Amino acid sequence: MIERERLQLLSDAPEVPGDHVLYWMQQSQRAALVVCDRGYLRHQKAWRSHVAKSAGRRVVQVEGDAVVPVDVASDKRETAARTLRPKLARLRDYYLKPLRPVPVAVRSTGMARDFIHADAVAASDVAAMLAKLDIDRSVAPVARFRGGRAEARRRLRAFLGEGLSRYAAERGEPARAQVSFLAAYLHFGQISPVEIALEVTRVDADPDGRADYLEELIVRRELAINFVEYEPDYDRYDCLPRWARDTLDRHRRDPRPHRYDAGELAAAATHDRYWNAAMREMRDTGYMHNHMRMYWGKKILEWSASPEEAFATALALNNRYFLDGRDPNSYANVGWCFGLHDRPWPERPIFGTVRSMTQGGLVRKIDADAYVASVDGLVAAEGAAR
């Protein structure tokens, strides 16, 4: 009876996340304060603004998704990592401190009893809830990653104990997986970048590996946050630097030996077995190594009818299949493939002066055949788990 009543109550609630907060507040008049995290994307800002204007009580926003608050680090869109890095370096140690737990006077966990049994939330029928949602069911759950804070911390401990010591030397080798695999946990707020950074600085590890990892976790990640915070068109082709759009426009009529549409790309049905492996890893496991992400995006630009079509296709595939899609990193990473946060390079067909990546260059830098074999194993494991 409790489950049925709770499902009915949830089905009556509004569908906009901001309205959900207001709805639950109305159910329990004891709520005196609303605390939310900070979101940088336009819809996240709209949700929080809506709650703040309509709550009728104090709303506090806590920035927990960056080490240095985005508008403290910089008051403008930065050109590249080189311009943001010194600003973060001056502030990092001030913010990179553990928080002291403070007990609250009135706990919120008992408030649910005002209108529904508290255990109903934990015991709810997840399958029944998901069945009510209008979602793309062709994107299957993955077995490779398990969600939750405990799993995020387990992965962090494993990385500190096994991966960090070899991170500097082997992080560029996709088949060896000497990375933390924490991007999705950061995306869903299941672990804090401050917690990760503090643990990395405390562990006795290779100094180069520690520095390289903190560069990715803080500088590169917060460059992406800076980008979406100060660029209103972060998900549109026009967000790219003028020089990149100009050079791609001059080369838009260059011959393209291979062309694929979005469906063929999603099916991993190209002539390039290494690119296909990357797409299969992304599609079937929700993850792709950063080196392969760059190659993946550059080839979509090379194989599309226009740079605008390539940008839209890359972003759509990214946000559909990656567990950490729809994230500041997503928009910055896709933009990077088209010249964002980069500089002009020697001119080439199709790319102009936007940096290109070739299959030959990929094979020289990584063990590409070992990567394909590793993806075959990952995809087979996913198939066995379904």
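The values are calculated or read from the model by the stated rules, or taken from the named source; none is laboratory data. The structure presented is a predicted model; accordingly, all values stated were derived computationally and were not measured. Quick reminder, even Gly has a Cβ in these numbers, built from the backbone with ideal geometry, and neighbours come from all protein chains shown.
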Worksheet item: Which of the residues belonging to segment 4-49 are assigned to a loop (DSSP other than H, G, I, E, B) and either under 30 Å from ASN226 (Cβ atoms) or at pLDDT 75 or above (or both)?
Response: VAL16, ALA31, ALA32, ARG38, GLY39, TYR40, LEU41
Practice prompt. Scan segment 192-210 and give yes if some residue there is outside the structural domain of GLY39 (by TED's automatic domain parsing), on the phi > 0 side of the Ramachandran plot, of a type outside the set (Lys, Arg) and modelled with pLDDT of 95 or more, otherwise no.
Written response: no
Worksheet item: Here are some residues: ALA55, ALA31. Which one is touching a residue at least 40 places away in the same chain (Cβ under 8 Å) and either surrounded by 14 or more Cβ atoms within 10 Å (Cβ to Cβ) or closer than 18 Å to VAL106 by Cα (or both)?
Response: ALA31
Practice prompt. Quickly run through segment 335-386 and pick out the residues that are within 11 Å of LYS298 (Cβ to Cβ) and in a helix (DSSP H, G or I).
Written response: TRP336, GLN359, GLY361, LEU362
Worksheet item: Of the residues that sit in segment 58-71 and are surrounded by 14 or more Cβ atoms within 10 Å (Cβ to Cβ) and among the β-branched types (Val, Ile, Thr), which one is modelled with the lowest pLDDT?
Response: VAL59
Discussion item. Let me confirm something: among ALA310, ALA316, which residue is under 30 Å from TYR234 (Cβ atoms), surrounded by 23 or more Cβ atoms within 10 Å (Cβ to Cβ) and of a type in the set (A, V, I, L, M)?
Written reply: ALA310
Discussion item. Checking the condition buried (at least 22 other Cβ atoms within 10 Å of the Cβ), under 21 Å from the mean Cα position of the chain (by Cα) and of a type outside the set (D, E, K, R), which residue from MET294, MET288 passes?
Written reply: MET288
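Results for (1) surrounded by fewer than 19 Cβ atoms within 10 Å (Cβ to Cβ); (2) among the acidic types (Asp, Glu); (3) more than 21 Å from the chain's Cα centre (by Cα), shown as yes or no for each residue.
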residue	(1), (2), (3)
ILE196	no, no, no
GLU216	yes, yes, no
ASN226	no, no, no
ASP233	yes, yes, no
LEU248	no, no, yes
Practice prompt. Select from segment 215-235 the residues that are over 21 Å from ASN290 (Cβ atoms) and in contact (Cβ under 8 Å) with a residue 40 or more places away in the chain and list them in ascending order.
Written response: GLU229, TYR230, GLU231, PRO232
